[in-house]
1. Quick one: is L98 at pLDDT 85 or above and surrounded by 17 or more Cβ atoms within 10 Å (Cβ to Cβ)?
2. Do we find that Q250 is open to solvent by less than 60 Å² (accessible area, probe 1.4 Å), closer than 23 Å to L98 by Cβ and under 22 Å from the mean Cα position of the chain (by Cα) in this structure?
3. Which of the numbered conditions does I204 fail, given that it passes all the others? Conditions: (1) in a loop (DSSP other than H, G, I, E, B); (2) among the aliphatic types (A, V, I, L, M); (3) at pLDDT 55 or above.
4. Filter the range 114-124 for residues that are surrounded by fewer than 22 Cβ atoms within 10 Å (Cβ to Cβ) and either of a type in the set (K, R) or under 23 Å from F231 (Cβ atoms) (or both) and give the result.
5. Filter the range 133-164 down to residues that are touching a residue at least 60 places away in the same chain (Cβ under 8 Å) and assigned to a strand (DSSP E or B) and give me whichever is surrounded by the fewest Cβ atoms within 10 Å (Cβ to Cβ).
6. Restricting attention to the range 315-329, and to residues there that are touching a residue at least 60 places away in the same chain (Cβ under 8 Å) and either at positive phi or not in a loop (DSSP other than H, G, I, E, B) (or both), which single residue is surrounded by the most Cβ atoms within 10 Å (Cβ to Cβ)?
7. Name the residue, out of A31, A35, A16, that is open to solvent by less than 80 Å² (accessible area, probe 1.4 Å) and touching an Asp or Glu at 6+ places or on another chain (Cβ under 8 Å).
Amino acid sequence: MGTAPPLPLHECKVRASLLLKELCSPDASRASRAAERLRALPTFARLSLAELLARRDHVQRKHALAVIAHEQGYASWVELKAAREEAPPPTVDFEALLSRVGGLFLNRWFTTYEAALDSLRAQGGYLFPFRQQFFVCEASLLTTLGVDLADPDWALAGPDWVAPRDAAAHARLEQRLARLAGPTTLNRSPSPTHKKARMSADDISPQPGSRMQRAEVRRAYKEKPPPMGVFAVRNKANGKVLVGSSLNVQGALNRIQFELSTGMDRIPGLLEDWKRHGADSFTFEVLDVLPPAEEPGGDPKEELKVLEALWLDRLKPYGDAGYNGPPPA
(Lines give C-alpha, C1' and ligand atoms only; values in the text may rest on other atoms or scores of the structure.)
Protein backbone atom coordinates (compact mmCIF):
# COMPACT_ATOMS: atom_id res chain seq x y z
CA MET A 1 0.00 0.00 0.00
CA GLY A 2 3.04 2.30 -0.03
CA THR A 3 5.18 4.07 2.54
CA ALA A 4 3.48 6.04 5.31
CA PRO A 5 3.71 9.81 4.76
CA PRO A 6 5.65 11.99 7.20
CA LEU A 7 3.82 13.43 10.17
CA PRO A 8 2.49 16.97 9.69
CA LEU A 9 4.30 19.66 11.65
CA HIS A 10 1.41 20.28 14.03
CA GLU A 11 1.11 16.58 14.85
CA CYS A 12 4.83 16.53 15.67
CA LYS A 13 4.25 19.37 18.15
CA VAL A 14 1.29 17.60 19.72
CA ARG A 15 3.32 14.42 20.10
CA ALA A 16 6.07 16.37 21.82
CA SER A 17 3.54 17.78 24.30
CA LEU A 18 2.14 14.32 24.97
CA LEU A 19 5.68 12.97 25.48
CA LEU A 20 6.27 15.53 28.24
CA LYS A 21 2.90 14.67 29.71
CA GLU A 22 3.78 10.97 29.81
CA LEU A 23 7.16 11.68 31.37
CA CYS A 24 5.43 13.36 34.32
CA SER A 25 2.71 10.73 34.56
CA PRO A 26 2.16 9.01 37.94
CA ASP A 27 1.95 5.77 35.96
CA ALA A 28 5.47 4.33 36.25
CA SER A 29 5.27 2.34 33.02
CA ARG A 30 4.22 5.37 30.97
CA ALA A 31 6.87 7.59 32.54
CA SER A 32 9.54 4.93 31.91
CA ARG A 33 8.60 4.58 28.25
CA ALA A 34 8.82 8.35 27.81
CA ALA A 35 12.18 8.48 29.57
CA GLU A 36 13.52 5.69 27.37
CA ARG A 37 12.60 7.68 24.28
CA LEU A 38 14.40 10.74 25.66
CA ARG A 39 17.57 8.72 26.20
CA ALA A 40 17.95 8.70 22.41
CA LEU A 41 19.23 12.26 22.74
CA PRO A 42 22.95 12.80 23.43
CA THR A 43 22.00 15.06 26.35
CA PHE A 44 20.42 12.14 28.23
CA ALA A 45 22.16 9.14 26.66
CA ARG A 46 24.58 8.67 29.56
CA LEU A 47 21.89 8.75 32.23
CA SER A 48 20.26 5.59 33.45
CA LEU A 49 16.50 5.32 33.31
CA ALA A 50 16.24 5.97 37.05
CA GLU A 51 18.58 8.98 36.85
CA LEU A 52 16.59 10.51 34.02
CA LEU A 53 13.30 10.00 35.85
CA ALA A 54 14.80 11.63 38.94
CA ARG A 55 15.70 14.68 36.83
CA ARG A 56 12.50 14.83 34.80
CA ASP A 57 11.84 18.39 35.98
CA HIS A 58 14.85 19.49 33.90
CA VAL A 59 13.42 18.09 30.67
CA GLN A 60 12.13 20.92 28.46
CA ARG A 61 9.86 21.13 25.46
CA LYS A 62 12.86 21.56 23.17
CA HIS A 63 14.07 18.13 24.26
CA ALA A 64 10.71 16.54 23.45
CA LEU A 65 10.69 18.23 20.03
CA ALA A 66 14.20 16.89 19.40
CA VAL A 67 13.00 13.36 20.22
CA ILE A 68 10.14 13.62 17.74
CA ALA A 69 12.55 14.93 15.09
CA HIS A 70 14.93 12.03 15.79
CA GLU A 71 12.09 9.51 15.49
CA GLN A 72 11.12 11.08 12.17
CA GLY A 73 14.65 10.68 10.84
CA TYR A 74 15.98 14.23 11.27
CA ALA A 75 19.07 15.41 13.10
CA SER A 76 17.25 18.29 14.81
CA TRP A 77 13.87 19.95 15.23
CA VAL A 78 15.04 22.88 13.09
CA GLU A 79 15.76 20.47 10.23
CA LEU A 80 12.38 18.75 10.55
CA LYS A 81 10.52 22.07 10.76
CA ALA A 82 12.23 23.38 7.63
CA ALA A 83 11.36 20.22 5.72
CA ARG A 84 7.70 20.28 6.75
CA GLU A 85 7.22 23.96 5.95
CA GLU A 86 8.54 23.37 2.44
CA ALA A 87 5.96 20.63 1.78
CA PRO A 88 3.44 21.63 -0.95
CA PRO A 89 -0.23 21.95 0.04
CA PRO A 90 -2.67 19.26 -1.15
CA THR A 91 -4.31 19.83 -4.51
CA VAL A 92 -7.80 18.70 -3.46
CA ASP A 93 -9.60 20.78 -0.83
CA PHE A 94 -11.08 17.96 1.26
CA GLU A 95 -12.39 20.51 3.76
CA ALA A 96 -14.56 22.02 1.05
CA LEU A 97 -15.79 18.59 0.02
CA LEU A 98 -16.80 17.58 3.55
CA SER A 99 -18.50 20.91 4.18
CA ARG A 100 -21.03 20.00 1.51
CA VAL A 101 -22.40 17.08 3.52
CA GLY A 102 -22.13 18.55 7.03
CA GLY A 103 -22.60 15.96 9.78
CA LEU A 104 -24.68 13.50 7.74
CA PHE A 105 -21.97 10.85 7.58
CA LEU A 106 -20.09 9.40 10.56
CA ASN A 107 -16.59 9.13 9.17
CA ARG A 108 -13.76 7.47 11.10
CA TRP A 109 -11.16 10.09 12.13
CA PHE A 110 -7.48 9.54 12.96
CA THR A 111 -4.49 11.69 13.81
CA THR A 112 -2.01 9.33 12.13
CA TYR A 113 -1.89 7.67 8.74
CA GLU A 114 -0.97 4.34 10.30
CA ALA A 115 -4.14 4.23 12.42
CA ALA A 116 -6.30 5.24 9.46
CA LEU A 117 -4.70 2.55 7.30
CA ASP A 118 -5.38 -0.10 9.96
CA SER A 119 -9.04 0.95 10.00
CA LEU A 120 -9.22 0.87 6.20
CA ARG A 121 -7.85 -2.66 6.11
CA ALA A 122 -10.13 -3.86 8.92
CA GLN A 123 -13.41 -2.16 7.99
CA GLY A 124 -13.06 -1.03 4.38
CA GLY A 125 -14.02 2.34 2.96
CA TYR A 126 -11.90 5.11 1.41
CA LEU A 127 -8.98 6.85 3.15
CA PHE A 128 -8.30 10.57 2.63
CA PRO A 129 -6.17 13.28 4.27
CA PHE A 130 -7.80 16.25 6.02
CA ARG A 131 -5.52 19.07 7.20
CA GLN A 132 -3.25 17.38 9.75
CA GLN A 133 -5.51 14.33 10.16
CA PHE A 134 -6.91 11.46 8.15
CA PHE A 135 -10.40 10.05 7.79
CA VAL A 136 -11.97 6.92 6.33
CA CYS A 137 -15.41 7.29 4.75
CA GLU A 138 -17.97 4.94 3.26
CA ALA A 139 -18.76 4.81 -0.44
CA SER A 140 -22.10 6.52 0.22
CA LEU A 141 -20.36 9.80 1.12
CA LEU A 142 -18.51 9.89 -2.20
CA THR A 143 -21.57 9.05 -4.27
CA THR A 144 -23.54 11.76 -2.47
CA LEU A 145 -20.87 14.23 -3.52
CA GLY A 146 -21.32 13.15 -7.14
CA VAL A 147 -18.29 10.86 -7.38
CA ASP A 148 -18.68 8.01 -9.86
CA LEU A 149 -17.12 5.01 -8.09
CA ALA A 150 -17.76 2.88 -11.19
CA ASP A 151 -15.00 4.88 -12.88
CA PRO A 152 -12.21 2.34 -13.67
CA ASP A 153 -9.64 4.75 -12.23
CA TRP A 154 -10.90 4.03 -8.69
CA ALA A 155 -10.19 0.33 -9.14
CA LEU A 156 -6.72 1.16 -10.46
CA ALA A 157 -5.82 3.70 -7.77
CA GLY A 158 -7.37 1.82 -4.85
CA PRO A 159 -9.15 3.13 -1.75
CA ASP A 160 -6.06 4.71 -0.12
CA TRP A 161 -5.76 8.27 -1.45
CA VAL A 162 -2.48 8.83 0.41
CA ALA A 163 -0.72 5.79 -1.13
CA PRO A 164 -2.40 5.03 -4.48
CA ARG A 165 -1.55 1.88 -6.40
CA ASP A 166 -1.55 3.65 -9.79
CA ALA A 167 -0.14 7.17 -9.98
CA ALA A 168 -1.67 8.00 -13.37
CA ALA A 169 -5.17 6.94 -12.30
CA HIS A 170 -4.75 8.86 -9.05
CA ALA A 171 -3.78 12.01 -10.97
CA ARG A 172 -6.93 11.78 -13.09
CA LEU A 173 -9.11 11.27 -10.01
CA GLU A 174 -7.38 14.19 -8.32
CA GLN A 175 -8.40 16.49 -11.15
CA ARG A 176 -12.03 15.35 -10.86
CA LEU A 177 -12.16 15.77 -7.08
CA ALA A 178 -10.50 19.17 -7.34
CA ARG A 179 -13.29 20.29 -9.67
CA LEU A 180 -15.91 18.98 -7.23
CA ALA A 181 -14.27 20.96 -4.40
CA GLY A 182 -13.93 24.12 -6.48
CA PRO A 183 -15.30 27.43 -5.16
CA THR A 184 -18.17 27.54 -7.65
CA THR A 185 -19.37 23.98 -7.12
CA LEU A 186 -22.10 24.77 -4.58
CA ASN A 187 -23.58 27.82 -6.27
CA ARG A 188 -23.85 26.80 -9.90
CA SER A 189 -26.72 24.89 -11.44
CA PRO A 190 -25.89 21.44 -12.80
CA SER A 191 -25.07 21.45 -16.47
CA PRO A 192 -27.21 19.18 -18.69
CA THR A 193 -23.99 17.53 -19.86
CA HIS A 194 -23.18 16.25 -16.38
CA LYS A 195 -23.87 12.57 -15.93
CA LYS A 196 -24.97 13.01 -12.30
CA ALA A 197 -26.82 15.85 -10.61
CA ARG A 198 -24.75 17.34 -7.82
CA MET A 199 -26.61 17.75 -4.58
CA SER A 200 -26.17 20.80 -2.38
CA ALA A 201 -25.73 20.63 1.37
CA ASP A 202 -29.36 21.77 1.81
CA ASP A 203 -30.61 18.87 -0.32
CA ILE A 204 -28.90 16.23 1.83
CA SER A 205 -29.32 17.65 5.32
CA PRO A 206 -30.03 14.93 7.90
CA GLN A 207 -33.49 14.70 9.39
CA PRO A 208 -32.99 15.04 13.19
CA GLY A 209 -34.60 12.20 15.09
CA SER A 210 -35.38 10.11 11.99
CA ARG A 211 -35.31 6.34 12.27
CA MET A 212 -32.51 6.08 9.72
CA GLN A 213 -30.32 8.57 11.61
CA ARG A 214 -30.89 6.85 14.97
CA ALA A 215 -30.06 3.45 13.48
CA GLU A 216 -26.86 4.83 11.91
CA VAL A 217 -25.73 6.39 15.19
CA ARG A 218 -26.38 3.17 17.12
CA ARG A 219 -24.47 1.12 14.56
CA ALA A 220 -21.47 3.49 14.66
CA TYR A 221 -21.31 3.42 18.45
CA LYS A 222 -21.41 -0.36 18.51
CA GLU A 223 -18.58 -0.64 16.02
CA LYS A 224 -16.29 1.97 17.52
CA PRO A 225 -16.37 4.75 20.14
CA PRO A 226 -16.79 8.23 18.64
CA PRO A 227 -13.62 10.22 17.91
CA MET A 228 -12.30 12.51 20.65
CA GLY A 229 -10.78 15.82 19.70
CA VAL A 230 -10.81 19.57 19.26
CA PHE A 231 -13.37 21.44 17.18
CA ALA A 232 -14.00 24.95 15.86
CA VAL A 233 -17.09 26.92 14.86
CA ARG A 234 -16.05 29.71 12.48
CA ASN A 235 -17.94 32.82 11.49
CA LYS A 236 -16.88 33.56 7.92
CA ALA A 237 -18.52 36.99 8.04
CA ASN A 238 -16.31 38.46 10.77
CA GLY A 239 -13.55 35.87 11.28
CA LYS A 240 -14.50 35.03 14.86
CA VAL A 241 -14.09 31.44 16.04
CA LEU A 242 -15.15 29.21 18.92
CA VAL A 243 -12.69 26.48 19.98
CA GLY A 244 -13.57 23.56 22.22
CA SER A 245 -12.87 19.89 22.85
CA SER A 246 -15.00 16.85 23.54
CA LEU A 247 -14.83 13.10 24.07
CA ASN A 248 -17.27 13.01 21.14
CA VAL A 249 -16.07 15.78 18.87
CA GLN A 250 -18.64 15.36 16.10
CA GLY A 251 -21.41 15.05 18.67
CA ALA A 252 -20.31 18.34 20.23
CA LEU A 253 -20.48 20.08 16.85
CA ASN A 254 -23.91 18.62 16.17
CA ARG A 255 -25.11 19.83 19.57
CA ILE A 256 -23.88 23.40 18.97
CA GLN A 257 -25.45 23.46 15.52
CA PHE A 258 -28.75 22.25 16.98
CA GLU A 259 -28.62 24.83 19.77
CA LEU A 260 -28.05 27.66 17.31
CA SER A 261 -30.75 26.51 14.92
CA THR A 262 -33.29 26.33 17.78
CA GLY A 263 -32.27 29.64 19.41
CA MET A 264 -30.69 28.24 22.58
CA ASP A 265 -28.39 30.87 24.11
CA ARG A 266 -25.79 28.74 25.89
CA ILE A 267 -23.17 30.82 24.01
CA PRO A 268 -24.92 34.23 23.72
CA GLY A 269 -22.35 35.97 21.52
CA LEU A 270 -22.33 33.10 19.05
CA LEU A 271 -26.13 32.98 18.87
CA GLU A 272 -26.29 36.75 18.34
CA ASP A 273 -23.95 36.53 15.35
CA TRP A 274 -25.81 33.46 14.04
CA LYS A 275 -29.01 35.51 13.93
CA ARG A 276 -27.22 38.52 12.44
CA HIS A 277 -25.22 36.77 9.70
CA GLY A 278 -27.24 33.60 9.07
CA ALA A 279 -26.40 29.90 9.14
CA ASP A 280 -24.56 29.98 5.80
CA SER A 281 -21.88 32.21 7.36
CA PHE A 282 -20.76 29.48 9.77
CA THR A 283 -18.62 26.37 9.38
CA PHE A 284 -18.29 23.48 11.85
CA GLU A 285 -14.84 21.87 11.78
CA VAL A 286 -12.89 19.09 13.44
CA LEU A 287 -9.44 20.61 14.07
CA ASP A 288 -7.69 17.63 15.64
CA VAL A 289 -8.50 14.09 16.74
CA LEU A 290 -7.00 12.34 19.76
CA PRO A 291 -6.17 8.67 19.16
CA PRO A 292 -7.68 6.14 21.61
CA ALA A 293 -5.54 5.22 24.62
CA GLU A 294 -3.27 2.25 23.96
CA GLU A 295 -3.90 0.86 27.44
CA PRO A 296 -7.43 -0.12 28.56
CA GLY A 297 -8.97 2.00 31.28
CA GLY A 298 -6.87 5.06 30.47
CA ASP A 299 -8.33 8.53 30.98
CA PRO A 300 -7.90 10.65 27.82
CA LYS A 301 -9.20 13.86 29.40
CA GLU A 302 -5.75 15.21 30.30
CA GLU A 303 -4.37 14.57 26.81
CA LEU A 304 -7.46 16.22 25.39
CA LYS A 305 -6.82 19.30 27.54
CA VAL A 306 -3.26 19.51 26.18
CA LEU A 307 -4.50 19.25 22.61
CA GLU A 308 -7.15 21.91 23.20
CA ALA A 309 -4.61 24.22 24.84
CA LEU A 310 -2.38 23.97 21.77
CA TRP A 311 -5.23 25.08 19.50
CA LEU A 312 -6.32 27.83 21.87
CA ASP A 313 -2.77 29.15 21.84
CA ARG A 314 -2.65 28.94 18.06
CA LEU A 315 -6.04 30.54 17.23
CA LYS A 316 -6.47 32.78 20.31
CA PRO A 317 -10.29 32.90 20.03
CA TYR A 318 -10.77 35.64 22.62
CA GLY A 319 -12.37 39.08 22.61
CA ASP A 320 -12.96 40.43 19.11
CA ALA A 321 -11.29 37.33 17.63
CA GLY A 322 -13.60 34.69 19.04
CA TYR A 323 -16.35 33.39 21.26
CA ASN A 324 -14.27 31.76 24.00
CA GLY A 325 -14.04 33.27 27.46
CA PRO A 326 -10.86 35.13 28.44
CA PRO A 327 -7.77 32.90 28.80
CA PRO A 328 -6.50 32.08 32.29
CA ALA A 329 -4.14 34.69 33.67
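The values are calculated or read from the model by the stated rules, or taken from the named source; none is laboratory data. As the structure is a prediction and not an experimental result, all values here were calculated from the model. Cβ: placed from backbone, ideal geometry, glycine included. Neighbour counts: every protein chain shown. What goes into the accessible areas is simple: the full protein's heavy atoms, side chains included, and nothing from ligands, DNA or RNA. Shrake-Rupley method; radii C 1.70, N 1.55, O 1.52, S 1.80 Å.
1. no
2. Answer is yes for this residue.
3. Condition not satisfied by I204: (3).
4. A115, S119, R121 - these are the residues of the range 114-124 that are surrounded by fewer than 22 Cβ atoms within 10 Å (Cβ to Cβ) and either of a type in the set (K, R) or under 23 Å from F231 (Cβ atoms) (or both).
5. Per the criteria, the residue is D160.
6. Going through the qualifying residues, I end up with G322.
7. Answer to the check: A31.
Results for (1) of a type in the set (A, V, I, L, M); (2) over 22 Å from the mean Cα position of the chain (by Cα); (3) closer than 22 Å to E303 by Cα, shown as yes or no for each residue.
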{"site": "R108", "(1), (2), (3)": "no, no, yes"}
{"site": "A122", "(1), (2), (3)": "yes, no, no"}
{"site": "F134", "(1), (2), (3)": "no, no, yes"}
{"site": "S140", "(1), (2), (3)": "no, no, no"}
